[in-house]
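The values are calculated or read from the model by the stated rules, or taken from the named source; none is laboratory data. All of these numbers come straight from a predicted model, not from anything done at the bench. Every residue, glycine among them, receives a Cβ derived from its backbone with ideal geometry; neighbour counts consider all protein chains shown.
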Amino acid sequence: MTNNNIHIIIVTYNAMPWIQKCLESTSSYPVIVVDNASKDDSVTYIQENFPSVILLTQKTNLGFGKANNVGIAKALELNAKTVFLLNQDAYLIDDCLDKLFKIQQANPDYGILSPIHINGKQNQLDLSFSKYMNHTENSDFFSDFVLNKNIQSVYSVPFVNAAGWLLSEKCINQVGGFDPLFFHYAEDDNYCHRVLYHGLKVGVVSDAFLIHDREDRKSPKIAPFSKQYFAMAERKYKLRLSNINKSFDGEYSKIIKELKKIRLKKVLKFKWQKALRAQKQLNRLEQLKEQIILHRAKSASVGKTYLDF
């Protein structure tokens with residue numbers, strides 16, 4: 001039975017390897033696809049094979065977070081009360097979403113609920129997911145399963161990646177959407193920081209599952225001084241400085257000290273290029289400072305933040 005209160009939002013970019021399985025797994029719910037200017041046949045394929053999907057094509061690649069914001073805003077326009085964010089390379093298993101929704105209704109203090117993520121071969125947990133659920137993040141999760149203890153319906157964690165998130169109505173109304181300061185990667189970390197700041201919880205439901213089909217993809221090697229290198233470094237510092245659960249001044253001072261220490265060590269060893277790399281990061285931090293402060297203030301406010309299109 002279709003639940004029109006929940007809309008599934010899928011951001012696509014060159015999604016052809018996965019989109020058929022992804023959309024076939026979502027047939028019980030209204031679906032909004034936000035396509036980030038794909039260069040393959042994703043848009044045509046969806047139009048021809050899944051005509052009931054609401055397809056929002058973008059002229060440029062907005063990135064993961066901002067494109068999801070477009071989808072969330074559209075879902076709210078259609079009177080959705082709850083949204084489920086699903087990666088293009090992820091597939092729901094059986095009644096996954098029904099189980100998440102049931103747990104959400106019984107536990108309104110959870111702003112985000114995620115199923116358990118298993119790999120594309122369906123023979124193991126997704127590697128990254130297993131790292132999020134380690135003893136440090138939740139001391140009970142693996143122990144309960146291995147020791148055959150009573151399994152909790154939901155396990156609280158500080159973070160789970162956004163391959164499959166059910167966002168409650170309360171969460172959307174209080175926290176809003178993703179911070180567009182992050183183009184791709186770290187936007188989900190930042191969102192979890194904000195959820196916790198606003199007094200809500202992040203949880204994993206123990207009997208709901210999705211497949212995250214990504215283990216065959218290898219991360220490219222990043223060369224020093226490359227555009228990718230500095231983008232990754234910038235993203236890391238943005239994430240630390242945007243965490244509204246921590247003092248901006250305190251984190252900023254720590255990062256400056258770290259980079260100055262690295263710069264000094266490289267200078268003393270006559271490693272000029274590496275010293276220059278640290279200096280470039282220091283310069284970029286100074287440029288980002290005011291922007292991050294403004295975003296922190298917005299993220300700390302209550303409301304449909306970043307969804308005001």
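If I go through the stretch 1-36 residue by residue, how many of them are in a loop (DSSP other than H, G, I, E, B) and closer than 16 Å to Asn87 by Cα? Steps first, please.
In the first step, residues of the stretch 1-36 are kept if they are in a loop (DSSP other than H, G, I, E, B); the result is 1-5, 13-18, 25-30, 36.
Pick out the ones that are also closer than 16 Å to Asn87 by Cα and you get 13-18, 25-27, 29-30, 36.
Counting residues in the stretch 1-36 that are in a loop (DSSP other than H, G, I, E, B) and closer than 16 Å to Asn87 by Cα gives 12.
Which of (1) β-branched (Val, Ile, Thr); (2) modelled with pLDDT of 95 or more; (3) not assigned by TED's automatic domain parsing to the domain that holds Gln287 does Ile256 not meet, given it meets every other one?
Of the numbered conditions (1) β-branched (Val, Ile, Thr); (2) modelled with pLDDT of 95 or more; (3) not assigned by TED's automatic domain parsing to the domain that holds Gln287, the odd one out for Ile256 is (3).
Would you confirm whether any residue within the stretch 240-249 is basic (Lys, Arg), at pLDDT 95 or above and either more than 15 Å from Lys280 (Cα to Cα) or not assigned by TED's automatic domain parsing to the domain that holds Asp144 (or both)?
Start the filter on the stretch 240-249 by keeping residues that are basic (Lys, Arg), which leaves 240, 246.
Checking which are at pLDDT 95 or above leaves us with 240, 246.
Now narrow it down to the ones that are either more than 15 Å from Lys280 (Cα to Cα) or not assigned by TED's automatic domain parsing to the domain that holds Asp144 (or both): 240, 246.
Yes, the stretch 240-249 contains a residue that is basic (Lys, Arg), at pLDDT 95 or above and either more than 15 Å from Lys280 (Cα to Cα) or not assigned by TED's automatic domain parsing to the domain that holds Asp144 (or both).
Scan the stretch 52-78 residue by residue and report those that are under 24 Å from Leu166 (Cα atoms) and either without any contact (Cβ under 8 Å) to a residue 24 or more places away in the chain or among the hydroxyl-bearing types (Ser, Thr, Tyr) (or both).
Result: Ser52, Leu55, Thr57, Glu77.
Do any helices (runs of 4 or more DSSP H) entirely within the stretch 209-309 hold 2 or more residues that are aromatic (Phe, Trp, Tyr) and in contact (Cβ under 8 Å) with a residue 12 or more places away in the chain, and if so, which? Step through it out loud before you land on a result.
On the way: elements: 227-242, 248-268, 272-300.
Passing ranges, in order: 227-242, 248-268.
For the stretch 159-197, which positions are of a type in the set (Asp, Glu) and more than 13 Å from Asn68 (Cα to Cα)?
Residues of the stretch 159-197 of a type in the set (Asp, Glu): 169, 179, 187-189.
Within the stretch 159-197, Glu169, Asp189 qualify.
Given Ile222, Ile151, Ile116, which one is surrounded by 18 or more Cβ atoms within 10 Å (Cβ to Cβ) and either more than 13 Å from the chain's Cα centre (by Cα) or closer than 17 Å to Asn243 by Cα (or both)? Talk me through it step by step, then tell me what you get.
Working: Ile222 fails: surrounded by 18 or more Cβ atoms within 10 Å (Cβ to Cβ); Ile151 fails: surrounded by 18 or more Cβ atoms within 10 Å (Cβ to Cβ).
Selected residue: Ile116, the only one of Ile222, Ile151, Ile116 that is surrounded by 18 or more Cβ atoms within 10 Å (Cβ to Cβ) and either more than 13 Å from the chain's Cα centre (by Cα) or closer than 17 Å to Asn243 by Cα (or both).
Do you know which residues across the stretch 66-96 are part of a loop (DSSP other than H, G, I, E, B) and of a type in the set (S, T, N, Q)? Steps first, answer last, please.
Of all residues in the stretch 66-96, those part of a loop (DSSP other than H, G, I, E, B) come to 78-81, 88-89, 93-95.
Asn79, Gln88, listed by residue number.
Give the stretch 146-184 a look and list any residue that's in contact (Cβ under 8 Å) with a residue 60 or more places away in the chain and farther than 20 Å from Val83 by Cβ, or say none.
Keep residues of the stretch 146-184 that are in contact (Cβ under 8 Å) with a residue 60 or more places away in the chain, which gives 162-184.
Once the filter is applied, which keeps residues that are in contact (Cβ under 8 Å) with a residue 60 or more places away in the chain and farther than 20 Å from Val83 by Cβ, the stretch 146-184 yields Leu181, Phe183.
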